[in-house]
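Down below is the structure, laid out as structure tokens.
The values are calculated or read from the model by the stated rules, or taken from the named source; none is laboratory data. Worth saying up front: this structure is predicted, and the values here are computed from it rather than measured. Don't worry about glycine lacking a Cβ; one is built from the backbone with ideal geometry, like all the others, and counts go over all protein chains shown. Heads up: the accessible areas ignore ligands, DNA and RNA and are worked out on the full protein's heavy atoms, side chains in. Shrake-Rupley method; radii C 1.70, N 1.55, O 1.52, S 1.80 Å.
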Amino acid sequence: MSGISSAHRLGAAFAMLASLSTAASAQDAFQEFKQLDGSMKMPKLNAFVAPDGENSPARTLRDVSLEAKLAPDSGPQQQGLSWYVFSPFAGADGKLPLVASSKGGSASFHLLPGDYFVNVSFGRAGVTKKLTVSESGASQKQTMVLDAGGMVLNAVSGSDVRIPPAELSFSIYAGDAKEDGERGLVMSDVKPNTLVGLSAGIYHVVSEYGAVNAVIRADIQVEAGKVTEATIQHRAAKITFKLVSDAGGEAIADTAWSILTSAGDIVGESLSAFPVMVLAEGQYTAVARNKDKIYQRDFTVVAGRNTDVEVLMKEQQPQDADDQQPAQQIPVQSPQAQQNQGPSGQPGVSSQQRPLPTYEQLAPSAGDDGGDSMD
């Protein structure tokens, strides 16, 4: 009996040691989580939602409806909005945690009672407000006013020559210059026929056609609740250069090109048999270097007239077929489109405003290379 009793006591001792060892391991494991040892300050939580249970706080979720208007007197915007709901309590990284988000038009969220920050944006225009979700009573629809509109940009060469979208880009700057004279960049590399959401105000638009000197600047006003469609007139043309032995002959390879203004400034250089450059309207000189010889020719760029300029490997160069005057300027069609004078005259900017359409109306059809609508 004593042997059995000893065996029982020994087994009980081993069981107690095992139990103590397990408890110690569990305690060590919990201590590895710094947020549970009291040494870190935890962010305040609005509520804890249990997955099941009679008293689950999930039953207290409230429906919150949100809508946004571009102007106080306009209807709710149904396209192009981005909604973000944040907790007002910063996380460990110092940022406000994102609670919910939605894109499209009006939004609806299921939120626990408490305080939140709601941000809605339309392109580069946005507004943020504090939202309080009550524990009882019907939740009213929240309406936010963006005071924003849209801008769609395009450009032509001369009076009506369409510019390929791949050769055209726009940059949008703030209308007011800073103390140092610089303007804040709002959006760069904007493609033609793209709807850009902006806060109401005047913006400075820079249109670049090609990569040489065809640059036009214009001040364009955006009104809340409307789309401003502006077409900028570039006084420029696309010129193709060729060094040939005879008129109409094949372009000669291994030719270096320099294009000079009438004042002698170099505006473009290339190492190509037939380079293509977009040049602002005016007088130029094409200089071709082939092996140890140099050939040059004076030529005129007329707005909207894309043409070839042949430089003969002879002392006598051909003359331009005519000496036409520059094309007449297209007048500004809207008082909201005020524009700055460019280096080669004062091109026109036509601007029209209309009620803001849906994105489906603005989006080009499939296969059109005219640009994409803003999401």
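Okay, here's what the table says:
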| item | result |
| --- | --- |
| Elements of type strands (runs of 3 or more DSSP E) contained in region 101-163, each with 1 or more residues being open to solvent by 40 Å² or more (accessible area, probe 1.4 Å) and among the hydroxyl-bearing types (S, T, Y) | 107-111, 125-133, 142-145 |
| Any hit, region 240-247, residues being modelled with pLDDT under 95, within 18 Å of T307 (Cβ to Cβ), assigned to a loop (DSSP other than H, G, I, E, B) and not basic (K, R) | yes |
| Only one of I232, I266, I239 that is of a type in the set (V, I, T), within 12 Å of Y284 (Cβ to Cβ) and touching a residue at least 24 places away in the same chain (Cβ under 8 Å) | I239 |
| Matching entry among G197, G201 (being surrounded by fewer than 22 Cβ atoms within 10 Å (Cβ to Cβ) and not hydroxyl-bearing (S, T, Y)) | G201 |
| Residues (open to solvent by less than 20 Å² (accessible area, probe 1.4 Å) and either within 23 Å of K69 (Cα to Cα) or touching a residue at least 40 places away in the same chain (Cβ under 8 Å) (or both)) located in region 173-193 | P192 |
| Selection within region 189-204 - part of a strand (DSSP E or B), out of contact with any helix residue (DSSP H, G or I) (no Cβ under 9 Å at 6 or more places or on another chain) and among the aliphatic types (A, V, I, L, M) | V190, V196, L198, I202 |
| First in region 112-135 and at positive phi, second anywhere and surrounded by fewer than 18 Cβ atoms within 10 Å (Cβ to Cβ), Cβ under 7 Å, 6 or more apart | G114/N46 |
| Total residues in region 244-260, condition touching a Ser or Thr at 6+ places or on another chain (Cβ under 8 Å) and either closer than 30 Å to I232 by Cα or open to solvent by less than 30 Å² (accessible area, probe 1.4 Å) (or both) | 5 |
| Breaking point among (1) of a type in the set (A, V, I, L, M); (2) in contact with a Leu (Cβ under 6 Å, 6 or more places away or on another chain); (3) open to solvent by 30 Å² or more (accessible area, probe 1.4 Å), for V222 | (3) |
| Flag if S207 is in contact with a Phe, Trp or Tyr (Cβ under 6 Å, 6 or more places away or on another chain), in a strand (DSSP E or B) and surrounded by 18 or more Cβ atoms within 10 Å (Cβ to Cβ) | yes |
| Hits in region 43-88 - residues which are open to solvent by 50 Å² or more (accessible area, probe 1.4 Å), modelled with pLDDT of 95 or more and of a type in the set (A, V, I, L, M, F, W, C) | F86 |
